[in-house]
Every structure is written in structure tokens, then in C-alpha cells.
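A.B. asks: Pasting in a structure now, in C-alpha cells, and then I'll have a few things to ask.
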Amino acid sequence: MKTWRSLWLLLLGVIGLTISSTIHSFAEEPGSIVDGAGFSLYDTESIKGSDAGKVERDPVCDRSKRPRIAKVEPDEAKAGDKVIITGEHFGTKECFHTVTFSSASSTPVNFTFMSDSVIEATVPDAKAGMSFVVIVTGGGSAQSKPVLIMSK
């Protein structure tokens, strides 16, 4: 019994060594075709091409600074009221993406980008109760402490 087990383990070791050396050899070759990819990405141009003017106009968003919400004022509001979101690292107007309220996450929120640390947002029509304000920037997302959405 031990002999069969030893042979089986030896055979599995040889198969594993063969597979790992095959994978290793593909990884060393630049531009090689990898199983499952169907094509090589080595030294290829973008499908849309490059345009120096477009690159110059694209905003550069600092992804190293995570946004943080310090406060939402007032912390009690009704649908249609404006709230001021303060914090840090909201980025630039071009890099700021969106504001949402967790109690109405699929409802678009009207907002005005004021600065890197201030956003003004209109409370959407949401179910009354506690809600979080969530912002999304080029550097990530941030969530506030709960705010109270009051009924109309």
C-alpha cells in the first residue's frame, strides 16, 4: 500500500513541476499569448487611438487622498432642503462624481461643488428616518454619520 501511495505522490509532483515550468516559460516571453486571453496586449495601440489634445484636457485626479466627511449641516432635513457637506479631499469639480443618500440610493441628488472641502446638496425624496450621506470622488468614497430625514 505504501508503495502505491509513494508512486502516486511522485507522479503528482512531476505533473505539478511540469505545469509550473510551462506557466513560468509563458510569463517570461513578452507579448506571448496566454490561454484564455485570445490575444496579446504587447505593443498595441488603443482602439480609440491617441489624441494629444484629449490627454491635455483630461483632469488629473489625486487618487492618493481619500475623501472624508466631517459634518453634514443641518443633521435633520426634509426632502427639498439643502444641506452643507464639509470635510476634506473632495478634489476638484472635474474629479468629484456624486452625492447619494442611503435611504434613497437610486435617486439622483442635485449638488453644487463649492470647494475641496464643501459640497451643497439637495435632500432627495426619501423615506423618513436615519440616512447616511455618501460622496464619491476621484480618490474614493466617504460616508457621513447618520442624518435624520424628516417626513414632509
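A.B. asks: Of all residues in segment 119-152, how many are among the polar types (S, T, N, Q), crowded, with 19+ Cβ neighbours inside 10 Å and over 18 Å from the mean Cα position of the chain (by Cα)?
C.D. replies: Going through segment 119-152 one residue at a time, the tally reaches 1.
A.B. asks: Can you tell me which of Val109, Val99 is in the same structural domain as Gly139 (by TED's automatic domain parsing), outside any loop (DSSP other than H, G, I, E, B), in contact with a strand residue (DSSP E or B) (Cβ under 7 Å, 6 or more places away or on another chain) and at pLDDT 60 or above?
C.D. replies: Result of the check over Val109, Val99: Val99.
A.B. asks: Suppose we keep only residues that are under 18 Å from the mean Cα position of the chain (by Cα) and of a type in the set (Phe, Trp, Tyr) within segment 89-118. Which one would you say is farthest from Cys61 (Cα to Cα)?
C.D. replies: Out of the qualifying residues, it is Phe101.
The values are calculated or read from the model by the stated rules, or taken from the named source; none is laboratory data. Since this is a predicted model, take the numbers as computed values, not measurements. Heads up, the Cβs are rebuilt from the backbone with ideal geometry, glycines too, and the neighbour counts pull from every protein chain shown.
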